[in-house]
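Notes to accompany the following structure.
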Amino acid sequence: MTNRVTVAAVQMVSSDVVMENLATAGEFITLAAQGGAGLVVLPENFAFMGASDADRLAIAEPDAMVPDEAAPLQAFLAEQARVNSVYLAGGTIPVASGDAGRVYSACFFYAPDGSRLARYDKVHLFDVDVPGGKGHYRESASTVPGNDAVVVGTPFGRIGLATCYDLRFPELLRIMAGPEFVAAGSAFTTATGAAHWETLVRARAVENLTCVVAASQGGRHSAGRETWGHSMIVDAWGNVLAQQATGAGMIIAQIDLAAQQQLRAAFPALTHRRPGIGLIEV
């Protein structure tokens with residue numbers, strides 16, 4: 001394992017025009033690679049943001065280990081990883097399911113040679129009524145939940161994959177058993193983002209002694225939705241190494257993995273877990 005690795009998070013304000021979004025994502029991936037990034041993370045719904053989650057159904061594509069014209073978004077991700085020679089966590093794209101009217105929200109992870117290493121289907125779906133009348137969401141109406149946590153092995157460490165609402169469920173990252181990185185593509189609402197985004201990202205980093213690379217949507221979208229942004233790269237001690245408030249952009253930071261391992265040895269919280277404890281309720 002190399003001692004230092006540069007990571008990048010891409011923030012977007014994706015529209016409902018796929019080709020425009022792909023062009024923007026490609027520019028920022030290239031910029032990150034030119035800055036030395038070995039890992040690049042895209043936000044949730046990077047290729048398309050409609051007025052509602054259901055609008056994604058129109059661009060859903062089949063799962064394709066070797067992408068072709070039937071899977072253009074996967075082909076884009078594979079090509080971007082290859083031409084830029086980076087590990088690429090592809091935010092999320094809609095992938096066809098066997099459930100009519102619903103898709104998987106899938107994060108595909110590609111190697112620097114363009115080969116696919118993993119697919120993670122978003123596990124936790126955003127079915128909430130935001131307090132104060134600030135939004136009504138039923139993601140499960142158009143999305144099938146995944147059932148498995150996913151961790152990818154790379155030369156510079158294990159990378160866990162998570163998506164947006166997943167950040168509110170610490171047990172998902174605990175199942176990953178201490179990856180060196182978590183790649184989290186998100187599209188937090190402005191209301192929930194302002195209240196909780198930074199707290200959640202930093203908490204997941206601190207409690208797992210891991211670097212969280214959190215790429216988000218950040219701004220007012222063409223379909224009228226608004227997202228919080230504030231993409232962040234947070235180290236294992238909870239320090240915010242880089243952040244972008246709003247608007248499209250790219251942030252980058254170098255992670256000292258030797259220092260991370262020294263921290264884990266000196267502060268071995270991961271080894272102190274007692275998952276078999278019981279509950280007494282009185």
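The values are calculated or read from the model by the stated rules, or taken from the named source; none is laboratory data. Just so it is clear, the structure is predicted and the values come from calculations on it, not from any experiment. Virtual Cβ from ideal backbone geometry, glycine too; neighbours counted across all protein chains shown. Note: areas computed on protein heavy atoms with side chains; ligands, DNA, RNA excluded. Shrake-Rupley method; radii C 1.70, N 1.55, O 1.52, S 1.80 Å.
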Rounded to the nearest 10 Å², the accessible area of residue 27 at probe 1.4 Å: 120
Report the residues of region 236-266 in range of a label on residue 34: point 7 Å along Cα→C-beta, backbone N strictly under 19 Å from it. 248-254
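Multiplying the sequence separation of residue 27 and residue 267 by 0.36 nm and subtracting their Cα-Cα distance, what value in nm do you get?
82.5 nm
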Square roots of five times the C-alpha gyration tensor eigenvalues of region 31-184, ordered largest first and given in whole Å, equal 25, 19, 14
Taking placed amide H atoms and a strict 5 Å upper bound, the residues 5 or more places from residue 154 or on another chain that come that close are 159
Counting helices only, and only those DSSP H runs with n ≥ 4, report the 222 nm mean residue ellipticity of the chain as the sum of -39,500 (n - 2.57) divided by its residues, in deg cm²/dmol to the nearest 500. -6000 deg cm²/dmol
Percent antiparallel among DSSP beta bridges (both partners in the chain, rounded to 5): 60
Using a 1.4 Å probe over the heavy atoms of the protein chains, calculate the carbon and sulfur portion of the accessible area of the chain as a whole percent. 54
Given a Förster distance of 35 Å, report the FRET efficiency between residue 223 and residue 171 from their Cβ-Cβ distance, rounded to the nearest 0.05. 0.60
Long-range amide H partners of residue 135, meaning residues 5 or more apart or on another chain whose placed amide H is closer than 5 Å, are 130
Please provide three numbers in whole Å: the alpha-carbon extents of region 39-112 along the principal axes, with the largest listed first. 36, 23, 15
Going 7 Å from the Cα of residue 117 in the Cα-to-Cβ direction, what parts of region 58-83 have a backbone nitrogen less than 12 Å from that spot? none
Return the long-range amide H neighbours of residue 185 (sequence gap of 5 or more, or a different chain), with a cut-off of under 5 Å between placed amide H atoms. 162, 164, 215
Rolling a 1.4 Å sphere over the protein heavy atoms, what is the accessible area per residue of the chain, to the nearest Å²? 42
Which ³J(HN,Hα) values, rounded to whole Hz and listed in residue order, are derived for region 63-69 from phi using the Karplus coefficients 6.51, -1.76 and 1.60 in 6.51 cos²θ - 1.76 cosθ + 1.60 with θ = phi - 60°, glycine and proline given as x? 5, 9, 4, 10, x, 9, 5
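Counting pairs of Cα atoms in region 140-243, how many percent are more than 16 Å apart?
Tail fraction, whole percent: 56.
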If each of residue 54 and residue 130 carries a label point 7 Å out from its Cα toward its Cβ, how far apart are those two points in nm? 2.0
How big is the convex hull of the Cα atoms of the chain, per residue, in Å³? 137
May I have the extent of the alpha carbons of region 220-282 along their three principal axes, as whole Å values ordered from largest to smallest? 49, 42, 13
